[in-house]
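Below is one structure, written out as structure tokens; the observations come after it.
Each value in this text was obtained by applying a stated rule to the coordinates, not by laboratory testing. Treat the numbers as computed from the prediction; the structure is a model and nothing was measured. We place every Cβ from the backbone using ideal geometry, glycine too, and count neighbours over all the protein chains shown.
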Amino acid sequence: MSSIIPVGIAGIGSYAPERVVPNAHFEEFLDTSDEWIVQRTGIKERRFVAAGENTSHMCLAAARKALEAAGVTGEELDMIIVGTVSPDQQLPAVANLVQVGLGATKAACFDVNAACTGFLTSLVTAESFIAAGRARRVLVLGAETLSRFIDFTDRGSCILFGDGAGAAVLMPHADCGQGEILRSTMGSDGEGYSVIEMPAGGSGRPASHETVEAREHFLKVHGRDVYRFAVAKIASLVREMLEGHTLDEVSVVVPHQVNRRIIDSAVEKLDIPPEKVVINIDRYGNTSAASVPLALDEALRDGRIEKDKLVIMAAFGAGLSWGGALVRW
Ligand code: UT7
């Protein structure tokens, strides 16, 4: 989909909690090992929030950095969109807490439930509002506190996830002269509804003693099904975003940090030089909606994103859902 008013990313920022949790932590109460986790996932450590620290706090920390980078104040924002599946409360939206924290009194605020695709889905939504002339300054976030929703008795899933937040400020490209979104996409396949889920707590299975005892308020992941889907989806998203361009024009590809082996398989299929692929899963694990903006921000700070060269983002997750973007930085 191409924009009517071209849209640019004016500034980004990210935040990860201070507490570092190495793989050895899981060895204390599960039949697992640092060696297994590193070999099968590439994860060495992840960050977990402190007591009292919630998704909205991480959003605010990341948002303040993105606003500063973009030279935009909270009052100037027309809209705040937070991609998250681990909001502070079931309702209202985290975006409303971000609004109060930033003094963004004229912003329309809502959350997007698209799991690991949350940041990309929010970005494409913001892009569409700006492209249509219905908003001029939009703050987009991907943020998760999955440490509060993982089942620490399930060794197949609890070792995968971490907490964090990433933010971007979007505006008409003419106003910021950088980060032009050249192409973007999003899609879904509801046939995969049960592949990654949190079964209880909704209208289908409201919270009860039974749902708590059955541990149905935690994330359930069918890892092998995700594995197959993920390798194919990274490859097809990158191909779609790259159409009409060559890899020489690309500074970095930023894939969802799902599993080091999944990313490596996709990169091999695509023949992308490994140095162009941003990987930080070793230090953050899978932070779901925060994963792409955290990695993007790290790549920018490390000087890996060259001005006027292309950046490809590719994410996928529960739903099943996926999203991608091609940006000229
Ligand atoms: O962003 C979307 C959410 N993320 C995902 O859905 C994750 C995607 N999937 C994956 O990353 C991988 O499938 C996993 C890391 C979850 C699992 O890796 P795998 O290579 O697909 O392993 P597997 O599920 O085929 O399991 C192999 C063995 C099993 O034992 P048996 O049945 O062969 O005896 C598991 O029980 O490894 C066992 N296992 C573990 N062993 C030690 C599973 N988790 C662990 C563990 N430590 N933490």
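May I ask you to compute the full-extension gain from GLU197 to VAL100, defined as 0.36 nm times their residue separation minus their alpha-carbon distance, rounded to one decimal in nm?
Working it through step by step, the gained length comes to 31.9 nm.
Enter the per residue convex hull volume of region 101-168, computed from alpha-carbon coordinates, in Å³ rounded to the nearest integer.
97
Pick out, from ALA207, LEU160, SER86, the residue whose Cα sits farthest towards the positive end of the charge dipole of the chain, with +1 on the Cβ of Lys and Arg and -1 on the Cβ of Asp and Glu.
SER86
Treat each spin label as a single point 7 Å out from the Cα along the C-beta direction, and report the LYS220 to ASP189 distance in nm.
2.1
With a length cut of 30 Å (Cα positions projected on each helix's long axis) and a Kyte-Doolittle mean of at least 1.0, go through the chain and give me the DSSP H helices that pass.
Working: long enough: none.
Membrane-span-like by this criterion, though nothing is claimed about a membrane: none.
Considering only the chain, what is the antiparallel percent among its DSSP beta bridges, to the nearest 5? Mind dumping the intermediate values first?
Working: 39 of 56 bridges.
In the chain, DSSP labels about 70 percent of beta bridges as antiparallel.
Multiply the residue separation of GLU268 and ARG301 by 0.36 nm, subtract the distance between their alpha-carbon atoms, and state the gained length in nm to one decimal.
On the way: separation 33, 0.36 × 33 = 11.88 nm, distance 2.61 nm.
Roughly 9.3 nm would be gained on extension.
With a cap of 14 neighbouring Cβ atoms within 10 Å, and only residues DSSP puts in a loop, list the GluC sites (Glu not before Pro) found in region 155-255.
Working: sites: GLU180, GLU191, GLU197, GLU210, GLU213, GLU216, GLU240, GLU243, GLU249; in loops: GLU216, GLU243.
Filter output for region 155-255: GLU243.
For region 33-72, list residues with backbone N below 11 Å from a point placed 7 Å from the Cα of ARG19 toward its Cβ?
47-54
Rounded to a whole number of µm²/s, how large is the Stokes-Einstein D of region 93-136 at 25 °C and 0.890 mPa s, given Rh as the Kirkwood radius over C-alpha pairs?
Numbers: Rh = 11.4 Å.
Rounded to a whole number, D works out at 216 µm²/s.
Could you run the Debye sum over the Cα atoms of the chain, one equal point scatterer each and no solvent, and tell me log10 of I(q)/I(0) at q = 0.12 Å⁻¹, two decimals?
At q = 0.12 Å⁻¹ the computed log10 ratios are -0.76.
For a Förster distance of 25 Å, can you work out the FRET efficiency between the beta-carbons of ASP308 and GLU275, rounded to the nearest 0.05? Walk me through the numbers on the way to the answer.
Values: r = 19 Å, r/R0 = 0.76.
With a Förster radius of 25 Å, E is 0.85.
Which one, HIS256, HIS222, HIS173, has the greatest fluctuation when you compute a Gaussian network model over the chain with C-alpha springs under 10 angstrom?
Result for the chain, Cα springs under 10 Å: HIS222 fluctuates most.
So how do THR105, THR32, THR55 line up by other beta-carbon neighbours within 10 Å, fewest first? Mind showing how you got there, number by number?
Values: THR105 10, THR32 17, THR55 30.
Going from least to most buried by this count: THR105, THR32, THR55.
Arrange the following residues from fewest to most other Cβ atoms within 10 Å of their Cβ: PHE161, PHE119.
Working: PHE161 24, PHE119 37.
Ordered by Cβ neighbours within 10 Å, fewest first: PHE161, PHE119.
Run the numbers for GLU243 and GLU28: contour at 0.36 nm per residue of separation, minus the present Cα-Cα distance, in nm. Write out the running numbers ahead of the final one.
Details: separation 215, 0.36 × 215 = 77.40 nm, distance 4.78 nm.
Extra length from GLU243 to GLU28 when fully extended: 72.6 nm.
Pick from ARG301, ARG155, ARG46: which residue has the top mean-square fluctuation in a GNM of the chain where Cα pairs under 10 Å get a spring?
Among ARG301, ARG155, ARG46, the largest mean-square fluctuation in the Gaussian network model of the chain belongs to ARG301.
What's the exposure ranking of LEU91, LEU310, LEU294, going from fewest to most Cβ atoms within 10 Å?
Numbers: LEU91 8, LEU310 23, LEU294 30.
The order, fewest Cβ neighbours first, is LEU91, LEU310, LEU294.
When the chain is modelled as a GNM with alpha-carbon springs shorter than 10 Å, which of LEU30, LEU141, LEU219 fluctuates the most?
Highest fluctuation of the listed residues: LEU30.
How long are the semi-axes of the equivalent ellipsoid of region 7-177, defined as square roots of 5 times the Cα gyration tensor eigenvalues? Whole Å, largest first.
Details: eigenvalues 218, 47, 36 Å².
Equivalent ellipsoid of region 7-177: 33, 15, 13 Å, largest first.
For n ≥ 4 DSSP H runs only, could you compute -39500 (n - 2.57) per run for the chain, divide by its residues and tell me the 222 nm figure to the nearest 500?
On the way: 11 runs with 106 residues, N = 329.
That calculation yields -9500 deg cm²/dmol at 222 nm.
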